[in-house]
1. Test of understanding: ordering Y238, Y245, Y252 by Cβ neighbours within 10 Å, fewest first, what list do you get?
2. Listed here are the pairs K167/K301; K176/K301; K20/K441; which of them are more than 20 Å apart at the Cα?
3. Among V299, V416, V263, which comes first, second and so on when ranked by fewest other beta-carbon atoms within 10 Å?
4. Considering every pair of different Cα atoms, what Kirkwood radius, in Å, is found for region 390-445?
5. Measure off 7 Å from each Cα along the Cα-to-Cβ vector at V31 and F66, then give the distance between these two points in nanometres to one decimal.
Amino acid sequence: MVRRSGDSINGNMLRLNANKLGWIVTIVLAVLVLFPLAAVIVQVLLPGIFFGSLNFGDIGLLLELFERPLWRKSLENSLILGFGTAVLGTLLGTVLAMARMQWKFPGARSLDAAVWVLFIMPSFILAQGWIMFSTGNGLAASIFGWHWVTAAVFQPAGLIVIMTLSKFPLAYLSVKAAMEWKVEMLSDAARLCGAGPFKVWRTVQAPLLLPAILSGMALVFMDTIGDFGLPSAVAAVYRFPTLPYSIYSAIYTSPIRFDMAGVLSLYLVALIAVAMLLQFWVLRRSRYDVLSGRAVPSVPKPAGRRMTWVLAVGNVVLLLAVIGIPIGSSIVTSLLKIQTNGLTASNLTLQNYASLLSEGSSLLPGLGRSLLIAGSAAVIGLIVGLGASFVLSYSRFRFKRGIETASLISFAVPGVVLGIGYIFVWNQPWLESLGIRLYGKPGILVLAAIAGAIPVITRVMTGAMAKVPESLLDAAQMQGGSLISRIRHILAPLVRGALISAGLAAFGACVFDLAVNSILFPPNFETLPVAIDDAFEDLRFGYASAATVAGGGIVVCIIMILERLLRRKEASA
């Protein structure tokens, strides 16, 4: 009787501590994500409320989206790009994931590595590589003589293909994760009934993968329709306005149109919200609980000599397209004196790299600022993300579903929308007296970077914590361990590898966040992605490419060194 009473007290204390942590995480996510998003919506209904005047918005302005040519074209382009990429990206990601999990072939690990590179690499750098390859005097024409590439790429269908080759990793990772375990008895039963291989796949395997496929499609659509990097890069050579780019233009053209930016942001958020709701509905309605004691890990099987060669060659072609063209184009362009003169010995130079170190170059100052912002965001985001993952994994916090939704929103909501929300929230005059009026100061970039880092960290950490039994934490609680002590001495050592991976992934992603940096960077505080984008918009392709290669190489080296040091420390602990 005494033991039950003690267990009950310890359980109540555990829930109480977890609830406190849940409220802290909820408040942090509200400040970083929900308040800025709500501010964008309020600005549409009550324009001027964040700038000292209270007016009721003109609801008719919402309908002008279908009357103003630029607004209507931006919506059309976003929908075309979003739906086209969602379909093709999901198809490509699903086929690749199924081939990767079913058969052995040379270069399979290279495919996995390329997927993670594309997942972390900012879209504006990939888009810039494609543009330098595809323009009329680009590498495709000057080196290979492929003059047809320009017309093929700079049209809606071509941009959909480029975006597909950048966004398919979301579908690939979703389907690949769903195929890690399999229940052979279902397929065996179908074969015993006379079903052939294709019918087994169509009637048994495909329906089981449907939730993962549709979830991956929703993620591809959300990431594509909110992407700012591609239209920002394409704008230098081809007019293809989308909602994110038109929102940015409304803020950085004269006169500044916050009302226009708010309306376009509202439509963009509504489209993403519909995609999120459909994803939740699909996951709830399409749940299949098939894993049991008979489930076994999926192990790729030999594909046969002919099929092995087909898969290997196809994998090489894919890697050349998704990595070789965008990254290779940046490297080659950075080494050319004149882009139109082709790849010849007399046209090679290191002058573009030398100019990065010249007086007046913004690369090194911008890189230093970006590294400082990304480092701060990764450390703080790791703390918040660890707390959020703990609440999601082990607590009975009443609003933990809201924490999960808020972290997903911060992943799905475009950086341009979040940036505008930060302007509304952190540009209030009354914040000046409190010393926290952050607009126009570097601190606002750190907050925005934390908001972007949390969803990446939360996803990685939640998956790692699923492998740690709650009984270990309960035992420590019964011995009098506090919540912080349990996380520090028990949970953190067990998920140390995931902590390192999550922190470094968030750090790398924050360095090259173009959308937030373009909207929020203070005067005379240019960051690395803004410096690269400005050079590209000025058609200084050689300098922009050299800055991309040098800056990206430095960041990758830093990540590799940190990972090696931290992993070594982990092994010796």
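1. Details: Y238 17, Y245 24, Y252 10.
Going from least to most buried by this count: Y252, Y238, Y245.
2. Values: K167/K301 27 Å; K176/K301 15 Å; K20/K441 31 Å.
With Cα atoms farther than 20 Å apart: K167/K301; K20/K441.
3. With the fewest neighbours first, V299, V416, V263 line up as V299, V263, V416.
4. Working: mean 1/r = 0.0742 Å⁻¹.
13.5 Å is the Kirkwood radius here.
5. 4.2 nm
The numbers here are math on the coordinates, done by the rules we state, and not lab data. Computed from a predicted model, the values in this text were never measured in an experiment. Reconstructed Cβ throughout: ideal geometry from the backbone, glycine too, with neighbour counts over all protein chains shown.
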